[in-house]
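Everything below concerns the one structure shown next.
Derivation of every value follows stated rules applied to the coordinates shown; laboratory data play no part. If you're wondering where the values come from, they're calculated on a predicted model, not measured in any experiment. Cβ atoms come from the backbone with ideal geometry, glycine included; neighbour counts cover every protein chain shown.
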């Protein structure tokens, strides 16, 4: 089945047909680095991370470009507020952005161009637009002449009379031929960063940055351009006008836009004081909880983010982790298969697993419907739990084969969405039950030391339980739980797993 994408510029779903068979050239607008990113930014970046991951999962070779806007009015204003150099501000928040993306499990872009490193390319594009009659110089500024581009408004669906112009100074209006004309190049102001150009010292406008960098790395016509819904107008509208006036051809095949994020049913805004930074939320909730919450809403739909919704996502994630925990436990404890052929019940389980995998693919192929795809994964969890429960009561002759199929399916599909549940630690057991193994870790001897200390505490707890000192045993269990160690008591022993270690 082909992948179908809702194309903003066509206002309908279309079968994805890339420029080059088997390859995807994809550009997503990156951050303007003047502050830490908030949850609305994070949702857009996560949505396109999932879309990128699914293309890769589906066998495409993806070239993913995401820019860094490191020169802009917002950066200059922030620098003035803090008494710093604009480049210092940009460097500080670029580093913070990369940290936040790693913390959220976002794959890094293949190419991450910075605006300040491509000013000469932008000057070349602006020069061409002037030469072709689409732009004009006015007192050191350069403006795009919107009236010269008859298709202006085709992305947002507005005509020129309907366009809303942002507040502009009398000086800016004086320089323009029409209020809708937008800046390609801004003349230098005292104390601001500037570059030499044929029109005098100055700096590029925001819109020309993305047009120039995307065409430089992906070509004059590429497959997908993405960003938040708030960028449709004027940013992406202006990008189209610049790029198509420059090249004389279609700029982008498919425009994709991520829906907005609300906090407790209200629009997130400075005026309401409900801006929530990603890094603050990550201090209280793990990456997979945030990712699962966002995946449960289609990328184009509004998402309501609240503490209640986070707790619900955490509970769902725990169901998923517990299923994998029990499944791996059963696989390690059960003997090899005792039959060559599947029983009718086992064959039916395999069939339902395959059906849910197909359902997952159909959901994602239909404009990346992660909400339905996540439902398919939890359908697998339900099937797996029922099967494991049954085989622990009465032996199934091909149990290991069926459980392996369930495990592979869950790990495959969660991995396609960027959920990291497949990386859970292997099970460790003590008491009268044999030890299954210890967690491998790139930190080597340090990781072994941590697990050895956990084992000592658990042996103390087991001894306390055997003596009837349950209050002490409960204290040990609760303290371990607080640092991410889950303990389950079993007949004759216990088992534990390490979910995460906090505080270093």
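Values as computed for the structure displayed
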| item | result |
| --- | --- |
| Difference of contour (0.36 nm per residue) and Cα-Cα distance, residue 358 to residue 80 | 94.6 nm |
| Extension gain, residue 306 back to residue 385 (0.36 nm per residue minus Cα-Cα distance, nm) | 25.5 nm |
| Residue exposure sequence - 414, 287, 370, 212 - by fewest surrounding Cβ within 10 Å | 287, 414, 370, 212 |
| Value of D in µm² per second that Stokes-Einstein yields for the chain, Kirkwood Rh from Cα pairs, at 37 °C (0.692 mPa s) | 126 µm²/s |
| Degrees between helix 86-103 axis and first principal axis of the chain (Cα, 0 to 90, nearest 10) | 30 degrees |
| Value of relative contact order over region 327-423, rounded to a whole percent, pairs C-alpha under 8 Å and six or more apart | 40 percent |
| Spin-label zone in region 38-79 - amide nitrogen under 13 Å from a point set 7 Å from the Cα of residue 98 along the C-beta vector | 68 |
| Rounded, prolate or oblate (a/c below 1.5 giving rounded, otherwise prolate when a/b exceeds b/c) for region 279-326 by Cα gyration tensor | oblate |
| Two-site FRET efficiency, residue 348 against residue 132, from Cβ-Cβ distance with R₀ of 45 Å, rounded to 0.05 | 0.10 |
| Modelled FRET efficiency - R0 51 Å, residue 154 with residue 475, Cβ distances, 0.05 increments | 0.15 |
| 124, 286 arranged by Cβ crowding within 10 Å, fewest neighbours leading | 124, 286 |
| Cα-based equivalent ellipsoid, region 284-368: semi-axes from gyration tensor eigenvalues, Å | 33, 20, 8 |
| Potential lengthening between residue 393 and residue 17 on full extension [0.36 nm per residue; Cα-Cα distance subtracted] | 130.3 nm |
| Residue-averaged [θ]222 nm for the chain, counting only DSSP H segments that reach four residues, each worth -39500 (n - 2.57) | -15000 deg cm²/dmol |
| Three-way shape call for region 327-423 based on the alpha-carbon gyration tensor, with the a/c threshold at 1.5 | prolate |
| Overall dimensions of region 1-116 as given by Cα atoms, namely Rg and Dmax in Å | 16.6, 56 |
| Percentage relative contact order, the chain, counting C-alpha pairs under 8 Å, at least six apart | 14 percent |
| Modelled FRET efficiency - R0 35 Å, residue 177 with residue 57, Cβ distances, 0.05 increments | 0.10 |
| Tensor-based shape of region 206-364 (alpha-carbon gyration tensor, a/c under 1.5 rounded, otherwise prolate or oblate) | oblate |
